[in-house]
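Working notes for the structure below.
The values are calculated or read from the model by the stated rules, or taken from the named source; none is laboratory data. This is a predicted model, so every value here is computed, not measured. We place every Cβ from the backbone using ideal geometry, glycine too, and count neighbours over all the protein chains shown.
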Amino acid sequence: QWEEEFFEAVDFLREFKVVNGEYFINEKIAEGKRVLAEGAQGSMLDVDFGTFPFVTSSNTISAGVCTGLGIPPQRIREVIGITKAYCTRVGSGPFPTELLDETGEAIRKAGNEFGATTGRPRRCGWIDLVALNFANMINGVTQIVMTKADILDSLDELKVCKAYKANGEELNRVPFQMNRMQIDPVFESFEGWKTDISTTASFNDMPQKMKTYIEYLQNFLKVPIRYISNGPGRDQIVSV
């Protein structure tokens, strides 16, 4: 059975045309075609700019389009940064805003933050704007899509990390080798909107407390948040 399926798969693959990817992609761009490249993993796992040694083995930032696909830098028109409305991390590594309490557990359950293959629980915490600013900078992010905003619907209070405190000093930058430092987050607090937003189709109809939260994030990051997802459905995305 396995042998039969294997050769069927080989025959299927033979139907595809093998091309030189660098030429193919650049020719399509020259023809005015749009090319969308999706990065893998988060920016803080980048082998060069992430929280070494707790990183992956490749470049996960937007420059990976150049080194991985052969697209020249000047061809990149837009860099869309994708971030959750809160933070998660898989495995070891620094996580200044991690929640090791019932709030973190509530976010994990509501967001189904478990490994797709292993089922391992992901670490959850408040959104970290220091790390997000760093990611925006090294990626050249031009717009942001914020996912899983609905996961915060039931929380009474939301917190946003706006700075770090280390060695008695307040920092607004990600420190070099932050895994060797004791870092405490400096938070800004917001009232939760306590409203089910999963069926809200327009940003104008969103709760005012949520709008206040989004406005603060945009002003801090100085990058527009263009879309917010409020559920897992393909149609559950709201233009800001």
> V186: of a type in the set (A, V, I, L, M, F, W, C), under 30 Å from P53 (Cα atoms), in a strand (DSSP E or B) and in contact with a Cys (Cβ under 8 Å, 6 or more places away or on another chain), yes or no?
Replying inline: yes
>> Exactly one condition in (1) at pLDDT below 95; (2) surrounded by 12 or more Cβ atoms within 10 Å (Cβ to Cβ); (3) under 25 Å from N133 (Cβ atoms) is false for R75; which is it?
In response: (3)
> Looking at region 87-102, is at least one residue among the aliphatic types (A, V, I, L, M) and outside any loop (DSSP other than H, G, I, E, B)?
Replying inline: no
> Among F187, F203, which is the only one that is free of Cβ contacts under 8 Å to residues at least 60 places away in the same chain, surrounded by 13 or more Cβ atoms within 10 Å (Cβ to Cβ) and in contact with a strand residue (DSSP E or B) (Cβ under 7 Å, 6 or more places away or on another chain)?
Replying inline: F203
> Does E38 satisfy the criteria of being part of a loop (DSSP other than H, G, I, E, B), modelled with pLDDT under 95 and of a type outside the set (A, V, I, L, M)?
Replying inline: yes
> If a residue has to be surrounded by 14 or more Cβ atoms within 10 Å (Cβ to Cβ) and over 21 Å from L221 (Cβ atoms) to count, how many in region 161-178 make the cut?
Replying inline: 1
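Yes or no: K28 surrounded by 12 or more Cβ atoms within 10 Å (Cβ to Cβ) and without any contact (Cβ under 8 Å) to a residue 12 or more places away in the chain? Outline the logic, then answer.
Values: surrounded by 12 or more Cβ atoms within 10 Å (Cβ to Cβ): yes; without any contact (Cβ under 8 Å) to a residue 12 or more places away in the chain: yes.
The answer is yes for K28.
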> Only one of (1) modelled with pLDDT of 95 or more; (2) within 20 Å of A135 (Cβ to Cβ); (3) assigned to a helix (DSSP H, G or I) fails for N26. Which number is that?
Replying inline: (2)
> Do the conditions hold for I80, that is, is it touching a residue at least 40 places away in the same chain (Cβ under 8 Å), buried (at least 16 other Cβ atoms within 10 Å of the Cβ), over 28 Å from A110 (Cβ atoms) and of a type in the set (A, V, I, L, M, F, W, C)?
Replying inline: no
> Of the numbered conditions (1) touching a strand residue (DSSP E or B) at 6+ places or on another chain (Cβ under 6 Å); (2) without any contact (Cβ under 8 Å) to a residue 60 or more places away in the chain; (3) surrounded by 14 or more Cβ atoms within 10 Å (Cβ to Cβ), W193 satisfies every one except a single condition; which is it?
Replying inline: (1)
> In region 132-159, which residues are within 19 Å of G81 (Cα to Cα), touching a Ser or Thr at 6+ places or on another chain (Cβ under 8 Å) and not in a loop (DSSP other than H, G, I, E, B)?
Replying inline: L132, F134, A135, I138, N139, I144, V145, M146, T147, A149, D150
